[in-house]
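> One structure, pasted below without further comment.
The values are calculated or read from the model by the stated rules, or taken from the named source; none is laboratory data. Remember, predicted model here, so these are calculated numbers, not experimental data. So basically every Cβ, Gly included, is an ideal-geometry build from the backbone, and we count neighbours across all protein chains shown. Ligands, DNA and RNA are stripped out before the accessible areas are found, and what is left, the full protein with its side chains, is counted by its heavy atoms. Shrake-Rupley method; radii C 1.70, N 1.55, O 1.52, S 1.80 Å.
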Amino acid sequence: MTPSRSASAAATWSARPTSVCTSTYASTTTAAPPTPAPPAPSPAVVTERSRYLPRVVSRRPERDSGAVGRLGEAEVLTRLLAALGVTGAPAGTAPLVGPGDDAALVAAPDARVVATTDLLVEGRDFRTDWSSGDDVGAKAVAQNLADVAAMGAVPTGLLLTVGAPPETPVAWLEDLGRGVGAACRRWGTSVVGGDLSGSSELLVSITALGDLQGRAPVLRGGASPGDVLALAGCVGRSAAGLALLSAGGPALAAEVAPELLAAHRSPVPPVEAGPAAARAGATAMLDVSDGLGVDGRRIAAASGVHLDVDSWWEDQHVLDLLGAARAVVRRLARDDDEQVLARSWVRGGGEDHALLAAFPPEVAERGLPEPFVRIGEVLPVREGWPAVTVNGDVEVVGGWDVYA
Ligand SMILES: Nc1ncnc2c1ncn2[C@@H]1O[C@H](COP(=O)(O)OP(=O)(O)O)[C@@H](O)[C@H]1O
Ligand SMILES: Cc1ncc(C[n+]2csc(CCOP(=O)(O)OP(=O)(O)O)c2C)c(N)n1
Ligand SMILES: [Mg+2]
């Protein structure tokens, strides 16, 4: 893309009042419903540890808002479950057996189960000074449900596992529970079980289960040359929020672009668009968790094709993020080109969990399912090298690698 093209695109785009990303999926914060009052403390008086100390009976833990290490597992679990509101699962979504027994029992109407898991590690995937427990809970649910959706399935239940250092305030876990619970209610699912442990770093992992409702799963390998490449949701917004946080902390991010801060803290992927894409006949799909380039290449490699993205679509997203890029460049007193920075977010930013899918041309002619928009096309692989390009030439590189 040349500077002159981008300038003309800027002029066109500046007339638009809102983000290029459909606002339904770009906004985040949902008011958490009131948390049910925690159940009365259990009357247990002998702790697990005291079994190994003959004749020593521990005192009942204080009901305080202190560290999990002082409260003990049973009390922390009671409080977490109350914060989740597990008894308030939306009608028809409650498990057959929920938290409290050795394992949960979840109906599998389709006789096949979609299963996925993701792990969030403090310092690598979130920071407690940048995100609240509520944000981390919302994000953990969103990233898992995006994976379920990307198979074309609907969620049927989640398992929530937490590893926490003993000094973690129980209030943080309750906040996490509220975030997970609110996200579950948003997408009509619930937490059916999980596990608690101690650890040296805060760890939050969710395993999600899903049902295909009788459909074939939409895999990464079914795209063919001639298909239309489409996207539901946003790219680059979470990366922009993260860059603002890294440059100037929550104060800068909230001042410059509260919506990008929210997109990073608690993304709202288009979960319902996954089954809709499957019903419409999508040939391949995944959620963009690591970046358009990296994830697009996963479809290209699995399908043995080449993906080409239209530059006009990319330019719109770049323009949408230019203000944030300018603020980051200024704050860091760097001489980076703000457009190059914004473009790197669009091409390589992860964690927005948009759904990238291929559709046969006749489906696109009839109309893509909401809120998919056409962003490019699927072409024959070039010289045996599956790749993603913009306007046929520039290869889209960059993206997240957990070990890089
Ligand atoms: N530790 C693991 N053991 C088994 N399979 C794994 C492991 N980690 C990742 N995978 C599998 O590799 C594939 C890619 O994983 P990942 O990049 O995490 O996917 P996503 O971005 O959709 O979450 C998935 O099918 C996942 O289940
Ligand atoms: C403190 C912090 N640093 C960096 C990031 C950026 N980040 C962490 S994980 C990730 C990509 C997705 O992670 P991964 O575990 O690969 O998810 P998956 O692809 O398995 O869904 C990104 C962009 C962040 N969210 N928080
Ligand atoms: Mg993963």
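> On the full set of protein chains, 1.4 Å probe, figure out the accessible area of Cys21 and give it in Å² to the nearest 10.
0
> Using a 1.4 Å probe on the protein chains only, how many percent of the accessible area of region 49-211 belongs to carbon and sulfur?
On the way: 4000 of 7600 Å².
Carbon with sulfur: 53 percent of the solvent-accessible area.
> Indicate, rounded to the nearest 5 percent, the antiparallel portion of the DSSP beta bridges found entirely in region 49-211. All intermediate terms of the calculation are to be shown ahead of the outcome.
Values: 19 of 28 bridges.
Bridges in region 49-211 are about 70 percent antiparallel.
> Which order do the peptides 310-320, 123-133 take when ranked by the mean count of other beta-carbon atoms within 10 Å per residue, highest first? Each step should come with its number before you reach the end.
On the way: 310-320: 21.4, 123-133: 16.3.
With the highest mean Cβ count within 10 Å placed first, the list reads 310-320, 123-133.
> Using alpha carbon coordinates only, what is the Rg to Rh ratio of region 218-395, with Rh defined as the Kirkwood radius? Before the final figure, lay out each step's value.
On the way: Rg = 16.5 Å, Rh = 16.4 Å.
Rg/Rh for region 218-395 comes to 1.00.
> Checking a compactness column here: for region 49-211, what do you get for Rg(Cα) / (2.2 N^0.38 Å), N being the number of residues? Numbers along the way, then the final one.
Working: Rg = 16.4 Å, N = 163, 2.2 N^0.38 = 15.2 Å.
My calculation over the Cα atoms of region 49-211 gives 1.08.
> Kindly write out, for region 337-344 in residue order, the coupling ³J(HN,Hα) from the Karplus curve 6.51 cos²θ - 1.76 cosθ + 1.60 (θ = phi - 60°), rounded to whole Hz, with x marking Gly and Pro.
Calculated HN-Hα couplings, in order: 6, 5, 5, 5, 5, 4, 5, 5 Hz.
> Starting at the first residue of region 284-297, write each ³J(HN,Hα) from the Karplus equation 6.51 cos²θ - 1.76 cosθ + 1.60 with θ = phi - 60°, in whole Hz, x for Gly and Pro.
7, 6, 8, 9, 7, 9, 10, x, 4, x, 4, 6, x, 5
> Further question on the same structure: Please list, ordered by chain and number, the residues whose modelled amide H lies under 5 Å from the amide H of Trp187; skip anything fewer than 5 residues away on the same chain.
The list, which skips near neighbours in sequence, is empty: none.
> Once the Cα gyration tensor of region 124-217 is found, what semi-axes does its equivalent ellipsoid get, as square roots of 5 times the eigenvalues, in whole Å, sorted largest first?
Working: eigenvalues 135, 30, 26 Å².
Three semi-axes, in Å: 26, 12, 11.
> Restricting to Cα atoms and excluding each atom paired with itself, what does the Kirkwood estimate give for region 283-345 in Å? Intermediate results must be reported in sequence, preceding the final value.
Working: mean 1/r = 0.0748 Å⁻¹.
Its Kirkwood hydrodynamic radius stands at 13.4 Å.
> Going 7 Å from the Cα of Glu201 along its beta-carbon direction, which residues of region 141-163 have the amide nitrogen within less than 14 Å of the resulting point?
163
> A follow-up question, please. What is the Cα convex hull volume of region 192-270 when expressed per residue in Å³?
For region 192-270, the hull spanned by Cα atoms encloses 198 Å³ per residue.
> Now a separate question. Hey, any idea what the orientation-averaged projected area of the convex hull of region 316-372's Cα atoms comes to, in nm²? If you can, show how the numbers build up before the last one.
Numbers: hull surface 20.2 nm².
Projected area, direction-averaged: 5.0 nm².
> Something else: Amide H of Thr156: which non-local residues (sequence gap of 5 or more, or other chain) have their own amide H closer than 5 Å, using H built in the peptide plane?
Sorted by chain and number, the residues that satisfy this are Leu209, Gly210, Asp211.
> Could I ask something else about it? DSSP beta bridges in region 116-258, what fraction antiparallel, as a percent rounded to 5? Write out the running numbers ahead of the final one.
Values: 15 of 23 bridges.
Counting DSSP beta bridges with both partners in region 116-258, the antiparallel share is about 65 percent.
> What's the ranking of 166-174, 342-350 by average number of surrounding C-beta atoms within 10 Å, highest first? Display every interim value, and only then the final one.
Working: 166-174: 18.1, 342-350: 26.0.
Ranked by mean Cβ neighbours within 10 Å, highest first: 342-350, 166-174.
> Also, quick follow-up: So who's got an amide H within less than 5 Å of the one on Phe126, skipping anything under 5 residues away but keeping other chains? H placed 1.01 Å off N, in plane.
Counting only residues 5 or more places away or on other chains, the set is Val121.
> For region 256-261, what does the Karplus curve 6.51 cos²θ - 1.76 cosθ + 1.60, with θ = phi - 60°, yield as ³J(HN,Hα) per residue in whole Hz, taken in order and with x for Gly and Pro?
7, 7, x, 6, 6, 4
> Taking only protein heavy atoms and a 1.4 Å probe, what accessible area per residue, in Å², does region 361-404 have with all protein chains in place? Working shown, then result.
On the way: 2930 Å² over 44 residues.
It amounts to 67 Å² per residue over region 361-404.
> So for the pair Ala115, Trp385, with labels modelled 7 Å out along Cα→Cβ, what separation do we get in nm?
Roughly 3.9 nm, to one decimal.
> At 1.4 Å probe size, with every protein chain present, just tell me what the per residue accessible area of region 159-251 comes to in Å². Please report the intermediate quantities before stating the final value.
Values: 2870 Å² over 93 residues.
It amounts to 31 Å² per residue over region 159-251.
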